[in-house]
Each structure stands twice: as C-alpha cells, then as structure tokens.
Amino acid sequence: MKIALIIGGIIAMLLLGVWFMAPESDNEVSGVVASAQTASSKAEQGEAYLYDVRTPEEFNSGNATGSINFDNELIQAGQLPDAPKNAEIYVYCRSGNRSAEATSVLTNAGYTNVTDLGGLDTMRAAGLL
C-alpha cells in the first residue's frame, strides 16, 4: 500500500511538472507575433515607439524594423526615453529578460501604455529581423 502511494505521488508530481513546462498556446504566441508586427508598423509611421533594449553592439548586429536602441542599462540607471508618458511603447531584447525589466521601470515611472514583446524569437517569428 505504501509503495502504491509513493508511486502515485511521484506520478502526480511528474504530471504537474509537465503541465508547468508546457509551451504557450498557439493563440498566445500568435498574439505576441501580431503585436510585434503592429508595433513595427506603428513605429515606422511615427505612431508608436519600438525600443530594442539590448546593448548598442547587439543592436548593430541586427534589429527589428522600426526599432530604436535604448539600452536597458540606461533605463535601469534612471535615464528614460523622451516619449510622452501616454505614448504606445513596445520593448524587446534578446531573450525577454531585459525587456521585462525595462517594462517594469517604464511603467513605474508613469508610462501608461508599455508592451513587453519579449525576445528576438518573437521578432523573428514576426518577420521583422
């Protein structure tokens, strides 16, 4: 009986692990890709800001259409973009970590319309690199 409970517990933990590790749904992924395409289009038309928060070296090695380099280190140090506080702002980086940090700082600084697009995979899937 004890063995059956232990095995059942192990199976339950494995199933929970698989559930937590499951990839995002196709709808979530396609929504982010669509947001990236919208961001790029609006940035090119001057209707939004698309910030690449990687280093200048990373930015110069390839970046999304319509993006502006604004290094996350500058944002973390308190330097903020000149964009109006209510402007549409989109941010991305290499993996999504720095864009999440930048989004948090910008939001806490009073920017009201900031969207984190994640990493380069999103931009690549959107055909923007």
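Taken together, the values in this text are just the output of simple stated rules run on the coordinates, not laboratory data. Since the model is a prediction, treat every value here as computed from it, not as a measurement. Backbone-built Cβ (ideal geometry, glycine too); neighbour counts: all protein chains shown.
Odds and ends about this structure:
- Mean separation of Cα contacts under 8 Å (6+ apart) over length of the stretch 29-125, as relative contact order %: 28
- Ascending count of other beta-carbon atoms within 10 Å, so fewest first, for S61, S40: S61, S40
- A straight line joining the Cα centroids of the stretch 30-59 and the stretch 67-118 runs 11 Å.
- Between R124 and T55, the contour length at 0.36 nm per residue exceeds the Cα-Cα span by 23.0 nm.
- Taking other C-beta atoms within 10 Å as the exposure proxy, I6, I75, I89, I68 rank I6, I68, I75, I89 from fewest upward.
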